[in-house]
């Protein structure tokens, strides 16, 4: 089932094979791109895009300390506003391997996001490889990489995920001929993606968890199901996107981006597909892990609403309703027409409420026994919700927080809320709708208040 390919040092890579035509890889070229990005100024300071899990991350910094000032690192110091270059550099390196002379060569003309950053800097990259002795570092860590590859499939429910998608969407066209690869690195944090690197090869580029990296394979089941999203919501693009293409005109006519999208960065049909991929993830965990499904789905709905998919919660609920109402074998494609009809009917009420008249830069001295919060539209006044209080001292988080359930206090027809807060925190953030909260604040129309909305307060 697993196989270590070492056929001359020039094509060293770590590969694991699945029984269902799935290959897990940590290739030499792809790991090089992730190490290079981790060594840049942005990579060293950013909290999300580069994962900094010890001891591997520390070993990377220590080994490459002698070349920390190599000119390549300034040239590829991409930041979040330059995400296309950052992500393009990371994923395009998958198309490269080393020739017999130890220099990078392009194996196929894969370009993921437009900018050709690898090709532009190829001479500097080769110079870095030579001066840093990168290939020895990769060789020294191959047993570490192999353990991650061997454990990945079981840890992330890879086989179960693909079987579920095959069942509800049918195997993708040419599935028996096409290679499906999961390219992984311990250094990948955010910005996962799904790409066809050629006509017969699809590659997903997900992040991997701290527990898997450190070999803690006895993580609780909830943690593993939560982390499964990083693969599942990339894998299912290979199923969702082809179905959506059949209904492209219907989607354009019934899914108005001006209503459903708030600067997500996913234009046109891509926005609809992102809604659908996450709705399919909800279906998967509801069928396979029903006891924890609602809680996990809610957390990712917060996340997606914060990304610009403002009505993910009501969209996913409708997909689930249509899917589970089918008799016999349940399929995804038959729900497209009724789903899109519903999208058109409800789009007039789709808007994301927000907090009004707040200061998010300074902690405002406030009478906590009479705090009035205002909203951009009427909120749901009939259901209790929770807020989180996060303590600060000298404008820095202390690590202390607690949850407060709010049951009443609504005024002004649901557009204002009068709160009486009792807390020992002298300085704190009042946060609505974020990770860990099991009772969201919704608008009158059922849409989340913008997740991670907050007010800075002090006594």
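Table for the structure above
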item	result
Residues of segment 48-73 classified as farther than 16 Å from residue 210 by Cβ and part of a helix (DSSP H, G or I), total	9
Within segment 273-355, helices (runs of 4 or more DSSP H) holding 3 or more residues that are more than 25 Å from residue 431 (Cα to Cα) and in contact with a helix residue (DSSP H, G or I) (Cβ under 6 Å, 6 or more places away or on another chain)	312-324, 336-346
Test result for residue 130, touching a residue at least 12 places away in the same chain (Cβ under 8 Å), over 20 Å from residue 189 (Cβ atoms), assigned by TED's automatic domain parsing to the domain that holds residue 29 and touching a strand residue (DSSP E or B) at 6+ places or on another chain (Cβ under 7 Å)	no
Scan of segment 398-431 for residues that are in contact (Cβ under 8 Å) with a residue 12 or more places away in the chain and more than 24 Å from residue 443 (Cα to Cα), ordered by number	400, 401, 422, 423, 425, 426, 427, 428
Some residue of segment 409-432 being assigned to a loop (DSSP other than H, G, I, E, B), modelled with pLDDT of 95 or more, buried (at least 18 other Cβ atoms within 10 Å of the Cβ) and under 28 Å from the mean Cα position of the chain (by Cα)	no
Close pairs (7 angstrom Cβ cut-off, 6 or more residues apart or separate chains): surrounded by fewer than 17 Cβ atoms within 10 Å (Cβ to Cβ) in segment 196-211, at pLDDT 90 or above anywhere	210/53
Matching residues in segment 251-272 - criterion: being out of contact with any helix residue (DSSP H, G or I) (no Cβ under 8 Å at 6 or more places or on another chain) and assigned to a helix (DSSP H, G or I)	258, 270
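The values are calculated or read from the model by the stated rules, or taken from the named source; none is laboratory data. These figures come from a predicted structure and were not determined experimentally. Here the Cβ is made from the backbone with ideal geometry for all residues, glycine too, and neighbour counts use every protein chain on show.
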